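Take a look at the structure below.
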């Protein structure tokens, strides 16, 4: 594990109920992988399952955490937002109590905008994929 919940809280500007990452499990120059246990207190749980919006937020937070890991000298949360979502494909929904693993691969960047491809795995099976444009602030 590269970073746990306490370090992740310092990376992301979201409040506790909105943090969608428990650990950064692997990191390379262009990829980051995280894990997240879906709990009943998760903001994005609907009818006992992680919603589509929750999956998108989890992928975006994983991308941001990867950026923060890359800039280890930074001491405050990264300000960023989702600029666009494309090629969203959800094939299943993870139930509360399960743990998902999210992999983000950076495809390209232009200044402060990054195009990333995200995949969420449940029990080593892909349940959601999409491309995200993440725009970073100051």
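The values are calculated or read from the model by the stated rules, or taken from the named source; none is laboratory data. These figures come from a predicted structure and were not determined experimentally. Because the Cβ atoms are built from the backbone with ideal geometry, glycine has one as well, and the counts that use them run over all protein chains shown.
Brief remarks follow.
- Number of positions in the range 19-40 that are in contact with a strand residue (DSSP E or B) (Cβ under 6 Å, 6 or more places away or on another chain) and in a strand (DSSP E or B): 11
- Scan the range 78-124 for residues that are in contact with a helix residue (DSSP H, G or I) (Cβ under 6 Å, 6 or more places away or on another chain) and within 22 Å of residue 24 (Cα to Cα) and the total you get is 8.
- Selection over the range 60-103 of residues that are part of a loop (DSSP other than H, G, I, E, B) and either surrounded by fewer than 18 Cβ atoms within 10 Å (Cβ to Cβ) or at pLDDT 95 or above (or both) gives a count of 15.
- Screening residue 3 against (1) surrounded by 16 or more Cβ atoms within 10 Å (Cβ to Cβ); (2) closer than 25 Å to residue 137 by Cα; (3) modelled with pLDDT of 90 or more leaves a single unmet condition, (3).
- Residue in the range 106-121 that is at pLDDT 95 or above and more than 20 Å from residue 32 (Cβ to Cβ) present: no
- Within the range 10-42, the residues that satisfy the criterion of being over 19 Å from residue 106 (Cβ atoms), surrounded by fewer than 16 Cβ atoms within 10 Å (Cβ to Cβ) and at pLDDT below 95 are 10, 13, 15, 16, 17, 18, 39, 40, 41.
- Residue match in the range 49-56 (condition: in a strand (DSSP E or B), modelled with pLDDT of 95 or more and touching a helix residue (DSSP H, G or I) at 6+ places or on another chain (Cβ under 6 Å)): no
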